1. Taking the structure as given and computing P(r) over Cα pairs in 5 Å bins from 0, in percent, which label from [x] 5, 16, 24, 23, 20, 12, 0; [y] 5, 25, 35, 24, 7, 3, 0; [z] 5, 23, 29, 24, 18, 3 fits?
2. Have a look at Leu16, Ser35, Gly45 and report the one farthest towards the positive end of the charge dipole of the chain, computed about the Cα centre with Cβ charges (Lys/Arg +1, Asp/Glu -1).
3. With +1 on each Lys and Arg Cβ and -1 on each Asp and Glu Cβ, and nothing else charged, work out how big the dipole of the chain is about its Cα centre, in Debye to the nearest 20.
4. For n ≥ 4 DSSP H runs only, could you compute -39500 (n - 2.57) per run for the chain, divide by its residues and tell me the 222 nm figure to the nearest 500?
Amino acid sequence: VRTLDDVIRDHVAETLAACGGNKTEAARRLGIGRSRLQRAIERYGLD
């Protein structure tokens, strides 16, 4: 069973990849602010 954290991490990672690492575009597609995206990147070790 996947946890919610697993699902969020994977979704953020996939969106970042689809945007070629462009954090502003990834945040826009995710419907969150860039600072919130940055916190998610740090939390899930995606940097």
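Bear in mind these aren't lab numbers, they're just calculated from the coordinates by the rules spelled out. All figures in this text were calculated on a predicted structure; none of them were measured in a lab. No Cβ is skipped: glycine too gets one built from the backbone with ideal geometry, and neighbour counts run over all protein chains shown.
1. Of the labelled values, this structure produces [y].
2. Ser35
3. 220
4. One gets -21500 deg cm²/dmol as the mean residue ellipticity at 222 nm.
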